[in-house]
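**Q** Supplied in C-alpha cells, the structure appears directly below.
Please treat every number below as a calculation from the coordinates, not as lab data. Being a predicted model, the structure only gives us computed values, none of them experimental. Don't worry about glycine lacking a Cβ; one is built from the backbone with ideal geometry, like all the others, and counts go over all protein chains shown.
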Amino acid sequence: MKILIIEDELELCKTLATSLQKELYLVEIANNYNDAFEKISMYEYDCILLDIMLPDGSGLDLLTELKNLGKSENVIIISAKNSIDDKVNGLSLGADDYLTKPFHIAELNARIKAVFRRKNLNGKNTIELKNIVLNLDERTLLINSKNIHLNRKEFDILKYFLSNKNRLITKTALAEYVWGDHIDQVDNFDFIYYQIKNLRKKLQEAEALIEIESVYGVGYKLIEK
C-alpha cells in the first residue's frame, strides 16, 4: 500500500513515515505545496495524508486539484485546526476523513485501512478470487485454504494485480506502485521480472486458479484460468 504524507512539520513527517513503514506501507513525503502537487500529478497513491496549512499554499487548494484529477476520495486531512468550516470544506471537496492533531498513530493506521477498504474492497479486508484469499490486515495469502508465504514485495505485487484484475499493468506503473517514485533512478526493470517470476512459481505450485500473463514489451495482466 502506497501512502503520500503532505506535511511541513519535519519531525511529525519522520515520525509518521517511520510508524507507517513498520506497518509495511510504502511511504513518500512532500513538505510543501509545489512538491506535493508534482507528486499527485505524476503518481498514484492508495492514501494521501494532507495537512491544510502548508508554507507555500493551502492544502484545500491541493484537495481541489486532487478532485479535478479524480483522486480526492482517498485523502485523510490531518490538521491542527479543529474548525467545523475546515472539516466541511475538506469533506465537501472529496476528502475521505479528517483527523485533528495531535492523534495516536494507532487511530491513524485504522483510518488508513478503512479508506483502502472503502475505496477498493467495498468495506472488506480481504480480496477473494477463485480459490485464493488475500488478507490485507494479516498480509497472508491462502490458496485452497493453505497458507502460502510471500515476501513483502510479492505480496504488494499480487495485491496490485488483484485490485486491477484483467487490466494491463505496465512495468513502469508496477514499479512506481511497489517501489515508489525513486524508481526513475534505476536503469532497467530486471528486478520486477525476478519478483514476478518467483510469484508465478508460488501461484503455480499452489495450483492457484489465476495467473500473471505477460504482455510482450508492455507489462503484465492478471487473468483467471
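**Q** Apply the Karplus curve 6.51 cos²θ - 1.76 cosθ + 1.60, θ = phi - 60°, to the phi angles in the range 163-180 and return the couplings in whole Hz, x for Gly and Pro.
**A** These are the phi-based 3J(HN,Hα) values: 6, 10, 3, 6, 9, 5, 10, 6, 4, 5, 4, 5, 5, 5, 5, 8, 10, x Hz.
**Q** Then there is this: Stick to the Cα atoms of the range 2-120, pair each with every other, and give me the Kirkwood hydrodynamic radius in Å at one decimal.
**A** Numbers: mean 1/r = 0.0718 Å⁻¹.
The Cα-based Kirkwood calculation yields 13.9 Å.
**Q** Can you tell me the Rg and the Dmax, both Å, for the Cα atoms in the range 57-107?
**A** That works out to 10.8, 31 Å for Rg and Dmax.
**Q** Computed over the Cα atoms of the range 126-224, what is the convex hull's projected area averaged over all directions, in nm²? Don't skip to the end; give the middle numbers.
**A** Details: hull surface 24.0 nm².
Its Cα hull, projected and averaged over all orientations, spans 6.0 nm².
**Q** Next question, about the same structure. Over 20 Å between C-alpha atoms is what I'm after, so list which of Lys165/Lys225; Lys2/Lys87; Lys22/Lys71; Lys2/Lys130 land there. Intermediate values should be presented prior to the final figure.
**A** On the way: Lys165/Lys225 12 Å; Lys2/Lys87 24 Å; Lys22/Lys71 25 Å; Lys2/Lys130 26 Å.
Too far apart for the 20 Å limit: Lys2/Lys87; Lys22/Lys71; Lys2/Lys130.
**Q** Fewest to most neighbouring Cβ within 10 Å: what's the order for Ser163, Ser214?
**A** Ser214, Ser163
**Q** Oh, and also: From the helices alone, meaning DSSP H stretches of at least four residues, give me the mean residue ellipticity at 222 nm for the chain, per-run term -39500 (n - 2.57), in deg cm²/dmol to the nearest 500. Kindly include the intermediate steps, with their values, before the conclusion.
**A** Values: 8 runs with 95 residues, N = 225.
Calculated from helices alone, the mean residue ellipticity at 222 nm is -13000 deg cm²/dmol.
**Q** Cut-off under 20 Å on the C-alpha distance; same-chain residues fewer than 8 positions from Lys202 excluded. Which aspartates and glutamates are left, in chain and number order?
**A** Glu128, Glu138, Glu154, Asp156, Asp190, Glu211, Glu213, Glu224
**Q** Leu99's amide H: which non-local residues (gap 5+, or another chain) put their own amide H closer than 5 Å, with H modeled 1.01 Å from N in plane and none for Pro or chain starts?
**A** The answer is Ile77, Ile78, Ser79.
**Q** Something else: Checking the cross-link filter: which aspartates and glutamates have an alpha carbon closer than 14 Å to that of Lys39, excluding same-chain neighbours under 8 positions apart?
**A** Hits, sequence-local ones excluded: Glu7, Glu28, Glu65, Glu176, Asp181, Asp184.
**Q** Now for a separate question. What does the convex hull of the alpha-carbon atoms of the chain project to on average, in nm²? Mind showing how you got there, number by number?
**A** Values: hull surface 50.2 nm².
Value for the chain: 12.5 nm².
**Q** Can I ask one more? In the range 137-167, which residues have a backbone nitrogen under 13 Å from the label point lying 7 Å from Leu209's Cα in the Cα-to-Cβ direction?
**A** In the range 137-167, the label zone of Leu209 (backbone N under 13 Å from the point 7 Å along Cα→Cβ) covers 143-145.
**Q** Tell me which residues come under 5 Å, amide H to amide H, from Cys47 once H is placed; ignore anything under 5 positions away on its chain.
**A** Correct list: Lys2, Leu4.
**Q** Now a separate question. For Asn131, list long-range residues whose amide hydrogen, built 1.01 Å from N in the peptide plane, is under 5 Å from its own amide hydrogen.
**A** Correct list: Leu209.
**Q** Using the structure shown, select from Lys14/Lys119; Lys14/Lys197; Lys124/Lys201; Lys14/Lys101 the pairs with a Cα to Cα distance greater than 24 angstrom. Before the final figure, lay out each step's value.
**A** Values: Lys14/Lys119 26 Å; Lys14/Lys197 34 Å; Lys124/Lys201 28 Å; Lys14/Lys101 15 Å.
Check vs 24 Å cut-off fails for Lys14/Lys119; Lys14/Lys197; Lys124/Lys201.
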